[in-house]
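Working notes, structure below.
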Amino acid sequence: MTTKTTHWQYWQARRNKVFSSHGGWQVGVGVHNCGFDQMKDLAINKNYFQVLVLNCVGKLPSARLGEWLDSLFTCISWPDPRIWCNTMGSLAGTLKCSISSGVASGILSADSKMFGSGDCVENYTGFIQSALSASQSGLSAQTIIKKHRGDIPGFARPLASGDERVSTMTQRARTLGFAIGEHEQLMLDINAALMASKNESVNIGGYFAAFMSDQGYTPLECRRILTTVVHSGVHACHVEEQDRPPLSFMPIRCDDINYQGVEKRKVDK
Amino acid sequence: MTTTSPPAKFAKEVIRQEQYTEAIPTKITLEEASEHNPFHTETMHLHGYEHLDLVNNCSFSEVIFLLFRGELPSKAEQQLFDKLLTCLINLGPRHPATRAAMNVGIAKTALQHILPVSLSVASGKYNGCEDVFNAMNFLRKNRNKKPADVIENAISQGNFDAIENPSIIPGFGSLYGSADSYAAKLANYLKPYNTQGTYMQFSLALVEQMKAYDAGWLLSGLTAAVLCDLGFHPRQGHSIYQIAIAPGLAAHGIEKANRPTTEMPYVDEENYHIEPQAICQSSINGVANGGANDY
């Protein structure tokens, strides 16, 4: 434990100073990013998702992982305003908010335990990594399911059963030359067991967690990488409503609200 | 293992047979439509009270209390709630959330973003609104235990460190290396307005136990204790804290909105320290890495 003698000296030493292990702009020289030159190395030779991972993790991944993430971001988010995060874009658009407001609201709304890019990503990744440890100590997929309290993180999804994005992304992984790793194999074993017992299968978040675990990423790193994954569909939903007359998106009449509260009363002062 | 494995079977996509409501239920608001337009409100009631009746007879903070709790506060509750909101109203220009607000202002960012941006910065697990939620849950769960046991347990199981991990329990710990003297001052001020508060008494006893570690109240813990005593649920803690701190954030942000960018610090090259492994040596020499660090 840090002793009391440090007191506020730690903060005193950091006044009006910035320390960065990632990089920064050295005016007239260039932009340093984790040992790379942002313009000459990254902007020219790397794809966007490689640089995103570099910024999240501090290490540059392979180009094919960047391509896989490009496909993942493409297949996860689409224009349908009924999906919660996309609804934020539509609601912001219908009130003529800037697209920044709409998209930022959509991204924030996906910081969720249930879907998107929030706690659920860490939960899914944490689950599959600890499940692999359990599997390596001899537990079967069926036993791992039985021993887990509640829903299996990364399996099943709201609104619908199944998840067509998973088969798209597994195919993409194979096309790019990624072999099935230990986490992905365990995910497939759990998937097979759940399919047999409940006709439920892995969702895209659960597949992402298993695949990225095989690439060596931690739960927190996975969450960081996935933060803005919903934004593209939110853009579409915002744009659509911003171009319509105000309040066009799902208008609600007074009698569309089901009041279930107390009877009318007067302030007694 | 490679692509020779048989293709995995996944469930077919089928919409779940769940019954979604067509009319949104709420216990808070009753809006009665005007005769000429079903989308217009003729009268509005909040938890049974006519809106204009509240406008005429209640303060802003009383109606906030009503919205969350469902009942208007008693005089004592109103006084304590009002004092708490005012205690939190200004985090001060050094607080990261206020600095975010001021940066929004100085950067000529659209002014409507001052509050969303700065409130997001104030949302954290350390002394932010998520900490209020965690502290309220912690206090509710532990209030019947002996304070000495709670702190001893937290110290033995946690990894309290004044720099790396400055929370002993949610809402309580150290700030810049020692107990937050201003939070303690506010707690002492609020104490007489909350003499019956069991959570306040319990928290004071916890703080007593933390003195040996030069730790004590954080603003989030103080907020949590008072909100628990006022009967709020932890789920309401985030939002009430955000409402309370919003005025100070907005005021500081707007103050900077028409000021030159030089009115906020910009760290010069001499004080911007890039760790050696982050520097691209070849760019200093005029030649790029070309991906040499790829792995």
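The values are calculated or read from the model by the stated rules, or taken from the named source; none is laboratory data. Keep in mind that this is a model prediction, so the values were computed, not measured. Don't worry about glycine lacking a Cβ; one is built from the backbone with ideal geometry, like all the others, and counts go over all protein chains shown. Heads up: the accessible areas ignore ligands, DNA and RNA and are worked out on the full protein's heavy atoms, side chains in. Shrake-Rupley method; radii C 1.70, N 1.55, O 1.52, S 1.80 Å.
Out of B:ALA205, B:ALA212, B:ALA184, which single residue is among the hydrophobic types (A, V, I, L, M, F, W, C), in the same structural domain as B:ASP131 (by TED's automatic domain parsing), without any contact (Cβ under 8 Å) to a residue 60 or more places away in the chain and open to solvent by 50 Å² or more (accessible area, probe 1.4 Å)?
Working: B:ALA205 fails: open to solvent by 50 Å² or more (accessible area, probe 1.4 Å); B:ALA184 fails: open to solvent by 50 Å² or more (accessible area, probe 1.4 Å).
B:ALA212 is the lone residue from the list that is among the hydrophobic types (A, V, I, L, M, F, W, C), in the same structural domain as B:ASP131 (by TED's automatic domain parsing), without any contact (Cβ under 8 Å) to a residue 60 or more places away in the chain and open to solvent by 50 Å² or more (accessible area, probe 1.4 Å).
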Quiz item: Can you spot a residue in region B:133-147 that is in contact (Cβ under 8 Å) with a residue 40 or more places away in the chain, open to solvent by less than 70 Å² (accessible area, probe 1.4 Å) and among the basic types (Lys, Arg)?
Solution: no
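Test B:ALA100 against the stated conditions and say whether it is within 30 Å of B:GLU77 (Cβ to Cβ) and in contact (Cβ under 8 Å) with a residue 12 or more places away in the chain. Step through it out loud before you land on a result.
Values: within 30 Å of B:GLU77 (Cβ to Cβ): no; in contact (Cβ under 8 Å) with a residue 12 or more places away in the chain: yes.
No: the conditions fail for B:ALA100.
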Quiz prompt | Condition broken by A:GLY261, with the remaining ones in (1) open to solvent by 60 Å² or more (accessible area, probe 1.4 Å); (2) at the interface with chain B (Cβ under 8 Å from one of its Cβ atoms) satisfied | solution = (1)
Quiz item: Failed condition for B:SER203, given (1) of a type in the set (Ser, Thr, Tyr); (2) within 21 Å of B:SER74 (Cα to Cα); (3) under 20 Å from the mean Cα position of the chain (by Cα), with all others met?
Solution: (2)
Exercise. Taking B:LEU66 as the residue in question, decide whether it is under 16 Å from A:LYS264 (Cβ atoms) and assigned to a helix (DSSP H, G or I).
Key: yes
Exercise. State the number of residues belonging to region A:28-51 that are facing chain B (nearest Cβ under 7 Å) and exposed (fewer than 15 other Cβ atoms within 10 Å of the Cβ).
Key: 1
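What residue, of A:SER232, A:SER213, A:SER137, is open to solvent by 20 Å² or more (accessible area, probe 1.4 Å), more than 13 Å from chain B (Cβ to nearest Cβ) and touching a residue at least 24 places away in the same chain (Cβ under 8 Å)? First the steps, then the outcome.
On the way: A:SER213 fails: open to solvent by 20 Å² or more (accessible area, probe 1.4 Å); A:SER137 fails: touching a residue at least 24 places away in the same chain (Cβ under 8 Å).
Every option except A:SER232 fails the conditions.
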